[in-house]
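Engineer: Sending over a structure as structure tokens; questions will come in a sec.
The values are calculated or read from the model by the stated rules, or taken from the named source; none is laboratory data. No experiment lies behind these values; they were computed from the predicted model shown. All Cβ positions, glycine included, derive from the backbone under ideal geometry; neighbour counts span all protein chains shown.
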Amino acid sequence: MSTGNMNLTLKVWRQKNNNTKGALVDYKLAGISPDMSFLEMFDVLNEELINKGEEPVVFDHDCREGICGMCSMFINGRPHGPKDLVTTCQLHMRSFNDGDTIVVEPWRAAAFPVVKDLTVDRSAFDRVIAAGGFISVNTGNAQDANNLPIPKMQADAAFEAAACIGCGACVATCKNASAMLFVSAKISQLALLPQGQPERYRRVQSMVAQMDAEGFGNCTNTGACEAECPKGISLENIARMNRDFASAKFISEETV
Amino acid sequence: MSDINSNIPEGELTSKWTKYKSSVPLVNPSNKRTIEVIIVGSGLAGASAAATLAEMGYKVKCFCFQDSPRRAHSIAAQGGINAAKNYQNDGDSTYRLFYDTIKGGDYRAREANVHRLAEVSANIIDQCVAQGVPLAREYGGLLDNRSFGGTQVQRTFYAAGQTGQQLLLGAYSALERQIGMGKVEMYTRHEMLEVVKIDGKARGIIARNLITGEIERHFGHAVVLGTGGYGNVFYLSTNAMGSNVTAAWKAHKQGAYFANPCYTQIHPTCIPVSGDHQSKLTLMSESLRNDGRIWVPKKKDDNRKASEIPEEERDYYLERRYPAFGNLVPRDVASRAAKERCDAGYGVGASKLAVYLDFKANTERYGRIEASKSGIHNPDKETCMRLGTEVIKAKYGNLFDMYAQITGENPYETPMRIYPAVHYTMGGLWVDYNLMTSVPGLYCTGEANFSDHGANRLGASALMQGLADGYFVLPYTIGAYLSKEISVKAIPTDHPAFAEAEERAVGILNKLINIKGTKSVDHFHKRLGHIMWEKCGMARNEKGLNEAIEEIRALRAEFWSNVRVPGAVGELNPELEKAGRVADFIELGELMCIDALNRNESCGGHFREEYQTEEGEALRDDENYAYVAAWEFKEGVNFELHKEELKFENIKVAQRSYK
């Protein structure tokens with residue numbers, strides 16, 4: 001059960017750092033088990049490279065259960081590979097066939113510079129959140145949680161938007177490298193909840209401004225982000241963000 | 001018998017914390033602006049502390065090894081968070097949460113700490129809801145609860161199977177808000193490699209910038225470690241790949257005692273190992289035990305499919321052995337019971353190291369309720385299953401999807417196969433009531449400390465403890481120390497103590513890279529994990545532990561002479577990061593075995609085969625072992641035992657019974 005019989009050809013993006021040019025390098029792998037995850041297949045590759053005295057491929061990963069959002073491989077032209085609604089770490093080799101050639105690249109976007117091999121810098125996302133992706137409440141100021149009833153439908157909708165793991169697949173797949181799905185998910189989560197109302201219009205303005213400052217592109221409603229999102233974040237969030245943004249500019253007295 | 005002081009305030013258990021809070025020295029706002037606090041780790045315990053201390057006015061630096069603070073492994077916690085709110089009107093109270101936690105921990109935790117935890121539990125829920133954390137709600141708009149193991153009330157709050165994610169993103173957003181305001185300086189992709197001590201006090205850290213490989217010196221009036229647990233010492237665990245003991249271990253080597261290292265939690269419901277390639281194990285939330293029934297065939301080596309085994313030939317062994325708690329016994333009890341059945345030859349699946357977790361009965365029950373809601377009387381079985389599946393999907397959909405993705409099986413149709421796996425570590429750095437380690441000015445919060453769970457943690461209590469420490473305990477207790485530090489000016493990092501600490505860190509990095517041996521870091525990590533799992537895992541005995549200690553010492557020697565770390569120090573080099581962590585795990589592994597050998601009793605997650613009742617339950621020895629074992633690191637790799645006696649003044653110590 002531990003050894004498998006899949007033979008694969010990998011074409012992996014290798015790039016020493018952000019100042020050097022990268023290229024696809026071919027690797028042959030044999031004996032891959034269909035029960036391995038995609039990252040475990042990379043573990044096998046790296047073990048072989050280390051044993052041969054070569055440098056292993058650097059890639060981001062951590063929880064390996066699809067929730068931390070760290071893994072980020074662009075596999076055969078799709079972020080997180082061919083299966084819908086999974087991250088790279090939850091993609092298993094049974095989704096591929098013996099003899100396949102698999103091309104693996106990093107996320108590509110101006111706002112996500114390559115750090116090394118398949119690892120990119122996604123700190124732009126943190127800066128967008130720091131610009132307004134929160135409710136300004138200090139520790140110790142909260143009322144009893146049940147003093148604020150929230151209709152279940154609304155709470156569920158906020159939860160669905162909050163399911164975003166910040167992996168950046170939406171940006172990687174977008175021809176404009178737009179971050180609108182990510183940004184709108186956070187804006188929607190908070191806009192759908194009563195706690196988020198006081199800062200609603202301020203938030204949308206400052207987060208969108210930061211998103212633009214980071215160099216993310218605009219949305220042209222292609223919908224690739226929604227199709228590739230491992231957590232199924234809906235395009236409706238972008239519509240909601242745009243409505244709020246317009247309202248903020250035309251209706252709200254507060255400009256940021 | 002104690003030779004260390006836990007600094008528990010005097011007075012009645014129920015009023016200790018309130019009184020302490022109102023009498024703890026304060027730091028005035030203008031002084032706070034000049035006091036710097038370093039927080040290592042950005043999970044629930046680290047992010048909540050960093051945000052709260054910054055809100056209070058301190059200058060905060062926060063470090064994490066991931067590319068963003070949002071990725072800390074708290075994010076993967078699934079099931080829920082406990083709080084004594086009594087929203088369900090089922091008789092819950094602060095005392096009951098306190099009692100359940102002490103009992104669940106098999107009477108090996110400090111009463112005062114646990115009571116404080118139970119007291120602040122309710123504030124956590126209020127705080128998180130105020131931050132916009134979307135916890136599950138009922139149609140009336142109020143918060144929903146569910147049951148977890150080791151309790152008979154419903155006090156667990158949740159957000160589907162993503163409670164940890166939502167709570168962490170709440171703490172992360174509070175942290176990012178402070179970062180945006182310039183109150184917290186965030187250092188991502190940085191790993192702490194040393195604690196800097198000046199005149200016996202913690203005064204900073206040495207960190208490595210993981211992108212450039214540069215070594216950095218950072219000063220702090222105090223240092224807080226919220227760096228998580230050490231379950232990855234077993235190689236295979238439910239921890240993230242990067243979860244490590246390095247920060248805590250370096251602190252230990254600088255004088256912080258390590259307490260109860262042998263208390264590890266083996267979680268009963270994980271997806272079984274499928275092969276040698278396995279890099280990590282995946283948990284199926286304990287919340288599933290609300291609706292899943294655990295069974296094995298009554299016949300040994302029964303190779304029939306689950307669906308072909310009739311009801312009367314199934315052994316619901318938890319319901320049989322523990323009728324009062326049934327499938328909701330605490331984790332240690334459930335794990336050992338699964339191991340017992342599999343060792344006896346009743347395991348299922350290809351490896352025979354698995355038991356079934358079956359949702360069929362409850363799916364049908366939910367279906368019946370749904371049918372009657374929609375006016376369908378006497379629904380047929382198919383209708384019940386169809387409607388019930390929708391209910392199960394709403395409750396646990398993401399977990400079922402994950403199971404299907406990993407195993408290639410459909411859990412809506414066949415029962416899940418589960419087996420225990422390493423999940424959490426109750427042991428950790430010893431801390432006093434203030435959460436300060438035995439090094440003045442060095443604090444430890446969350447899973448990284450040992451404080452609240454005794455020998456076994458109850459489900460949904462890790463999130464509670466992490467956030468309690470970070471939001472509601474440390475921000476108060478750290479004032480007791482910092483109020484005496486207001487006249488200390490920031491110490492320049494060219495101080496000899498910084499140079500010395502940096503030299504130690506650099507020395508280790510250079511040594512690792514220059515061994516140029518023949519075996520990869522993972523090779524050693526896997527071997528260590530194998531020793532730990534076989535001899536210091538779910539069941540331990542004197543012979544095995546003695547063997548393990550010898551084997552680990554030999555492994556350590558081999559590691560330091562034959563590990564191969566490719567690349568250079570001055571660049572992004574994940575193999576070098578792993579090498580440093582595995583080196584620390586090897587030393588910790590030895591201490592875990594020494595601790596397990598020292599504790600001649602069974603309690604909670606520590607099960608010594610020599611000490612069990614006739615029915616196979618853990619047999620404590622309260623006369624000789626009602627103490628916290630706090631180990632001091634000594635030159636070479638040696639350890640000296642200190643004891644903190646545990647006094648139970650408010651709870652009657654008894655043999656734990658879930659029958």
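Engineer: Do you know which of the residues in segment A:191-204 that are within 14 Å of chain B (Cβ to nearest Cβ) and touching a Ser or Thr at 6+ places or on another chain (Cβ under 9 Å) is nearest to residue B:397 (Cα to Cα)?
Structural biologist: Here the answer is A:200.
Engineer: State whether one or more residues within segment A:59-80 are in a helix (DSSP H, G or I), without any contact (Cβ under 8 Å) to a residue 60 or more places away in the chain, at the interface with chain B (Cβ under 7 Å from one of its Cβ atoms) and not hydrophobic (A, V, I, L, M, F, W, C).
Structural biologist: no
Engineer: Pick from B:164, B:170: which is part of a helix (DSSP H, G or I), out of contact with any Pro (no Cβ under 8 Å at 6 or more places or on another chain), in contact (Cβ under 8 Å) with a residue 60 or more places away in the chain and not assigned by TED's automatic domain parsing to the domain that holds residue B:617?
Structural biologist: B:164
Engineer: Check off (1) buried (at least 24 other Cβ atoms within 10 Å of the Cβ); (2) in a loop (DSSP other than H, G, I, E, B); (3) in contact (Cβ under 8 Å) with a residue 60 or more places away in the chain for residue B:133 and give me the number that stays unchecked.
Structural biologist: Failing condition for residue B:133: (3).
Engineer: Right, next: Counting just the residues of segment B:129-169 that are of a type in the set (D, E, K, R) and more than 8 Å from chain A (Cβ to nearest Cβ), which one comes out farthest from the chain's Cα centre (by Cα)?
Structural biologist: In this case the residue turns out to be B:144.
Engineer: Let me ask something additional. Name the residues in segment B:250-307 that are charged (D, E, K, R) and out of contact with any strand residue (DSSP E or B) (no Cβ under 8 Å at 6 or more places or on another chain), would you?
Structural biologist: Across segment B:250-307, the qualifying residues are B:276, B:280, B:291, B:299, B:300, B:301, B:302, B:305.
Engineer: Would you be able to tell me the number of residues in segment B:137-165 that are buried (at least 24 other Cβ atoms within 10 Å of the Cβ) and of a type outside the set (A, V, I, L, M, F, W, C)?
Structural biologist: 12
Engineer: Here's another thing I want to ask about it. Please go through segment A:125-140 and give me each residue that is surrounded by fewer than 23 Cβ atoms within 10 Å (Cβ to Cβ) and more than 7 Å from chain B (Cβ to nearest Cβ), ordered by number.
Structural biologist: A:127, A:140
Engineer: Do we find that residue A:176 is surrounded by fewer than 24 Cβ atoms within 10 Å (Cβ to Cβ), of a type in the set (S, T, N, Q) and more than 10 Å from chain B (Cβ to nearest Cβ) in this structure?
Structural biologist: Spelling it out, residue A:176 is indeed surrounded by fewer than 24 Cβ atoms within 10 Å (Cβ to Cβ), of a type in the set (S, T, N, Q) and more than 10 Å from chain B (Cβ to nearest Cβ).
Engineer: A further question follows. I need the full set of residues from segment A:105-117 which are more than 17 Å from residue A:212 (Cα to Cα), surrounded by 23 or more Cβ atoms within 10 Å (Cβ to Cβ) and not basic (Lys, Arg), in order please.
Structural biologist: A:106, A:107, A:117
Engineer: Right, something else. With the checklist (1) assigned by TED's automatic domain parsing to the domain that holds residue B:510; (2) within 18 Å of residue B:536 (Cα to Cα) in hand, flag the one item residue B:631 doesn't pass.
Structural biologist: (1)
Engineer: Okay, moving on. Which of the residues that make up segment B:3-24 are closer than 18 Å to residue B:118 by Cβ, in contact with a helix residue (DSSP H, G or I) (Cβ under 7 Å, 6 or more places away or on another chain) and assigned to a loop (DSSP other than H, G, I, E, B)?
Structural biologist: Of everything in segment B:3-24, those that are closer than 18 Å to residue B:118 by Cβ, in contact with a helix residue (DSSP H, G or I) (Cβ under 7 Å, 6 or more places away or on another chain) and assigned to a loop (DSSP other than H, G, I, E, B) turn out to be B:8, B:9, B:11.
Engineer: All but one of (1) in contact (Cβ under 8 Å) with a residue 24 or more places away in the chain; (2) farther than 23 Å from residue B:448 by Cα; (3) of a type in the set (Asp, Glu) hold for residue B:185; which doesn't?
Structural biologist: Checking residue B:185 against (1) in contact (Cβ under 8 Å) with a residue 24 or more places away in the chain; (2) farther than 23 Å from residue B:448 by Cα; (3) of a type in the set (Asp, Glu), the one that fails is (2).
Engineer: From the set of residues in segment B:438-476 that are within 14 Å of another protein chain (Cβ to nearest Cβ) and more than 20 Å from the chain's Cα centre (by Cα), which is surrounded by the fewest Cβ atoms within 10 Å (Cβ to Cβ)?
Structural biologist: Here the residue is B:476.
Engineer: Please give the number of the condition residue B:126 fails out of (1) at the interface with another protein chain (Cβ under 8 Å from one of its Cβ atoms); (2) in contact with a strand residue (DSSP E or B) (Cβ under 9 Å, 6 or more places away or on another chain); (3) charged (D, E, K, R); (4) not in a loop (DSSP other than H, G, I, E, B).
Structural biologist: (2)
Engineer: Can you confirm whether residue B:39 is assigned by TED's automatic domain parsing to the domain that holds residue B:476, in contact with an Asp or Glu (Cβ under 7 Å, 6 or more places away or on another chain) and either at pLDDT 95 or above or surrounded by fewer than 24 Cβ atoms within 10 Å (Cβ to Cβ) (or both)?
Structural biologist: Considered against the rule, which asks whether it is assigned by TED's automatic domain parsing to the domain that holds residue B:476, in contact with an Asp or Glu (Cβ under 7 Å, 6 or more places away or on another chain) and either at pLDDT 95 or above or surrounded by fewer than 24 Cβ atoms within 10 Å (Cβ to Cβ) (or both), residue B:39 comes out as no.
Engineer: When you scan segment B:331-407 for helices (runs of 4 or more DSSP H) that lie fully inside it, which ones turn up with 1 or more residues that are more than 24 Å from residue A:37 (Cβ to Cβ), away from chain A (no Cβ under 14 Å) and more than 34 Å from the chain's Cα centre (by Cα)?
Structural biologist: B:360-373, B:381-407
Engineer: Tell me which helices (runs of 4 or more DSSP H) are completely within segment B:460-542 and hold 1 or more residues being under 23 Å from residue B:219 (Cα atoms) and modelled with pLDDT of 95 or more, or say none if there are none.
Structural biologist: Ranges flagged: B:474-482, B:496-515.
Engineer: Would you please name the residue that is surrounded by the most Cβ atoms within 10 Å (Cβ to Cβ), looking only at residues in segment B:552-596 that are in a helix (DSSP H, G or I) and either in the same structural domain as residue B:208 (by TED's automatic domain parsing) or over 27 Å from the mean Cα position of the chain (by Cα) (or both)?
Structural biologist: Selected residue: B:559.
Engineer: Step by step: first the residues of segment A:45-57, then only those that are at the interface with chain B (Cβ under 7 Å from one of its Cβ atoms) and under 24 Å from residue B:281 (Cβ atoms), then the one that is nearest to the chain's Cα centre (by Cα). Which residue is that?
Structural biologist: Selected residue: A:56.
Engineer: With respect to residue B:303, is the statement that it is in contact with a Ser or Thr (Cβ under 7 Å, 6 or more places away or on another chain), surrounded by fewer than 24 Cβ atoms within 10 Å (Cβ to Cβ) and assigned by TED's automatic domain parsing to the domain that holds residue B:319 true?
Structural biologist: When the stated conditions are applied, residue B:303 does not pass them.
Engineer: Additional query: Of A:109, A:124, which residue is modelled with pLDDT of 95 or more, within 22 Å of the chain's Cα centre (by Cα) and in a loop (DSSP other than H, G, I, E, B)?
Structural biologist: A:109
Engineer: Ok, one more. Is it the case, given these coordinates, that residue B:615 is closer than 25 Å to residue B:537 by Cβ, acidic (Asp, Glu), over 25 Å from the mean Cα position of the chain (by Cα) and modelled with pLDDT under 95?
Structural biologist: yes
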